[in-house]
Structure formats: C-alpha cells, structure tokens
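The values are calculated or read from the model by the stated rules, or taken from the named source; none is laboratory data. Just so we're clear, the structure is a prediction, and the values are computed from it rather than from any experiment. Ideal geometry is used to build each Cβ from the backbone, glycine not excepted, and the neighbour counts take in all protein chains shown.
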Amino acid sequence: MSLRDAVNQSLETYFEQMDEQEPTDLYSMVMNEVERPLLSYVMEQANQNQCRAAAMLGLNRGTLRKKLKIHQLID
C-alpha cells in the first residue's frame with residue numbers, strides 16, 4: 001500500500017466515524033498527526049543528527065529544530 005493510499009483510507013475511516021458531524025480544522029489536525037511521526041522517524045534514521053535529518057526532509061536546520069520543539073521531540 002502506498003502512503004497516499006494509507007492516507008486516503010485513514011481519511012475515509014475518519015469521515016465514516018464522524019457520521020453526520022462536520023469536521024473543523026481538518027487541515028491542521030492532519031498535518032499535526034502526520035508531522036510528528038515523520039519527524040520522529042527521520043530523526044531516528046539520522047541518529048538524532050539534526051543537520052542530516054534536515055537534509056533528508058529538505059528543510060533547513062532551524063526550521064527542523066522549531067518543528068521538533070513544537071512536537072516536543074527535543075527540549
């Protein structure tokens with residue numbers, strides 16, 4: 001299964017569970033749900049090296065560091 005297929009399946013399940021309720025702030029919720037595990041996994045693959053992880057993600061180190069703090073993955 002591709003990542004796209006997994007996301008589509010997860011969204012389909014989410015909307016089915018919502019029944020008739022209208023979701024709010026969906027974009028922010030999805031980004032937060034995806035970003036934290038992505039950052040955590042890449043940091044693990046980079047052996048906690050922020051420069052290497054930033055390069056893997058296509059981010060500059062400062063942006064990565066800010067995101068790691070937001071998701072409480074570093075102090």
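Looking only at residues of region 26-69 that are modelled with pLDDT of 95 or more and of a type in the set (Val, Ile, Thr), we find that the one that is farthest from Val7 (Cα to Cα) is Thr63. If only residues of region 1-30 that are among the aliphatic types (A, V, I, L, M) and surrounded by 12 or more Cβ atoms within 10 Å (Cβ to Cβ) are counted, the one that is farthest from Lys69 (Cα to Cα) is Leu11.
Of the residues making up region 53-71, just one is without any contact (Cβ under 8 Å) to a residue 12 or more places away in the chain, crowded, with 16+ Cβ neighbours inside 10 Å and not small (Gly, Ala, Ser), namely Leu59. Applying the selection to region 19-30, what residues are of a type in the set (S, T, N, Q) and part of a loop (DSSP other than H, G, I, E, B)? If the condition is that a residue be of a type in the set (S, T, N, Q) and part of a loop (DSSP other than H, G, I, E, B), then Gln21, Thr24 are the ones that fit.
Candidates in region 39-52 are the residues that are exposed (fewer than 13 other Cβ atoms within 10 Å of the Cβ) and of a type outside the set (S, T, N, Q); of these, the one that is nearest to the chain's Cα centre (by Cα) is Tyr41.
Quick test for you: out of Glu12, Glu16, Glu35, pick the one residue that is part of a helix (DSSP H, G or I), among the acidic types (Asp, Glu) and touching a His at 6+ places or on another chain (Cβ under 9 Å).
On the way: Glu12 fails: touching a His at 6+ places or on another chain (Cβ under 9 Å); Glu16 fails: touching a His at 6+ places or on another chain (Cβ under 9 Å).
Being part of a helix (DSSP H, G or I), among the acidic types (Asp, Glu) and touching a His at 6+ places or on another chain (Cβ under 9 Å) holds for just one of Glu12, Glu16, Glu35, which is Glu35.
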